[in-house]
1. Which residues, taken from segment 264-295, are within 20 Å of the chain's Cα centre (by Cα) and hydrophobic (A, V, I, L, M, F, W, C)?
2. Could you list, in sequence order, the residues of segment 82-106 that are part of a loop (DSSP other than H, G, I, E, B), open to solvent by 10 Å² or more (accessible area, probe 1.4 Å) and closer than 23 Å to K26 by Cβ?
3. For the subset of segment 233-249 comprising residues that are open to solvent by 10 Å² or more (accessible area, probe 1.4 Å) and of a type in the set (S, T, N, Q), which member is modelled with the lowest pLDDT?
4. In this structure, is I230 part of a helix (DSSP H, G or I) and over 17 Å from A122 (Cα atoms)?
5. Looking only at segment 107-129, which residues are farther than 21 Å from E333 by Cβ, of a type in the set (A, V, I, L, M, F, W, C) and surrounded by fewer than 24 Cβ atoms within 10 Å (Cβ to Cβ)?
6. Just to be sure, is K109 within 19 Å of L149 (Cβ to Cβ), free of Cβ contacts under 8 Å to residues at least 60 places away in the same chain, in a helix (DSSP H, G or I) and among the basic types (K, R)?
7. Among the residues of segment 337-358, what is the count of those that are modelled with pLDDT of 95 or more and either touching a Cys at 6+ places or on another chain (Cβ under 6 Å) or assigned to a helix (DSSP H, G or I) (or both)?
8. Find the residue count for segment 130-174, including only residues that are surrounded by fewer than 22 Cβ atoms within 10 Å (Cβ to Cβ), of a type in the set (V, I, T) and not in a helix (DSSP H, G or I).
Amino acid sequence: MKLIVGPGQYIRKEGILSDAGLYIKKFGTKAVLVGGNTGRLVVEELLEKSFADHGVTLKDSLWFGGESSQTNIDSLVEHLQTQTFDVLIAAGGGKALDTVKAVAYRLNKPLVAIPTIAATCAAATPICILYNDEGEFIEIGRVSKVPELVLVDTTIILNAPVRYLIAGMGDTLAKWFETKCSVKKAVPNAINQTAIAIAAQLYQTLLQSGKASVQSIQDKHLTKELEDIIDAIILVSGSVSGYGGDDCRTAAAHAIYSGLTIFPEIHQTYHGEIVAFGILAQLCMEGTWEEDVRSLINYYQNVGLPYTLKQMGINGLTDGQWKQLGEITVTIEDMANMPFDVTPEMVVTSVRQADEIGSGMFVKSY
């Protein structure tokens, strides 16, 4: 058995980037920063100031390309393999972190991840989600590495747009609903049952602290609830997949997310927001009582997650588009983790049903 549970070290602290050089110099004295434009803008000055105090040089700062695509990964590898440096630093959101995780694997370099938003668990997992250059999902990439070190500066997360945190909660909610579904295909053992227990606790943390954490960012006031949600999204969520391995994987909610990315109008909706809607569709697919789906939508309304197609920019689909959605979604490897065979018709029916329930509860513009 081989499991990669999570990053070598995770440090979450207010103002931690002021001490970044102290931690990063353990991997060498020459660093390259790769990330999103906003992410690099947020961290670069702080890193350079700390590096100056600890004898570390920031040799280069590069944009990751905008999509975690094979094109951008190959381009960065080609550029960096001719450079002399010791450690890669990834800064930004999930797509930026995933891209650099793949680059670090290819170059066999230590990797430090600095998530500047709490929107996914990308910083704590060894996989990377690959898209084409237009943002359509391709596959789950495994030519990727988990970071040796994750630095989470809560000051940066606190000052990021609150919508990112809300999306992160949507993505993290899926750990419970997908894991308890996918594990049904596995033989129970100590490890996958631990993963299920972690996922269940994650769900409770989100229910208990989700709304307060959103309020914390809106008030620009760091609270224990926000710290708990940050840790839940970035670190604990990733450990579910780490412990569960192939027994506890993403399932229909993520498959439906991936299928919906074929529609360009949804590309302005964040990953976790679409996954949250995918959870509703998965519950419908499983035959969950409508009242239970409505209860979850009530939570979405409290924290600001979308629960209709219209809220995600999809104002209507033709018969041909519905057919395409169903046919593509069942080919996504996540769907194979469902404990029963899923047909394109089942996908269409469940997405329609979730949208109808959500539309019936719609109370305000998203």
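The values are calculated or read from the model by the stated rules, or taken from the named source; none is laboratory data. In this text, all values refer to a predicted model and were calculated from it rather than measured experimentally. Note that we place each Cβ from the backbone using ideal geometry, even for glycine, and neighbour counts take in every protein chain shown. Side chains are part of the model used for accessible areas, which takes the heavy atoms of the whole protein and leaves out ligands, DNA and RNA. Shrake-Rupley method; radii C 1.70, N 1.55, O 1.52, S 1.80 Å.
1. Once the filter is applied, which keeps residues that are within 20 Å of the chain's Cα centre (by Cα) and hydrophobic (A, V, I, L, M, F, W, C), segment 264-295 yields I266, I274, V275, A276, F277, I279, L280, A281.
2. Listed by number, the residues that qualify are Q83, T84, D86.
3. Among residues in segment 233-249 that are open to solvent by 10 Å² or more (accessible area, probe 1.4 Å) and of a type in the set (S, T, N, Q), the one modelled with the lowest pLDDT is S241.
4. no
5. L107
6. Against the criterion (within 19 Å of L149 (Cβ to Cβ), free of Cβ contacts under 8 Å to residues at least 60 places away in the same chain, in a helix (DSSP H, G or I) and among the basic types (K, R)), K109 does not qualify.
7. 15
8. Of the residues in that region, 3 qualify.
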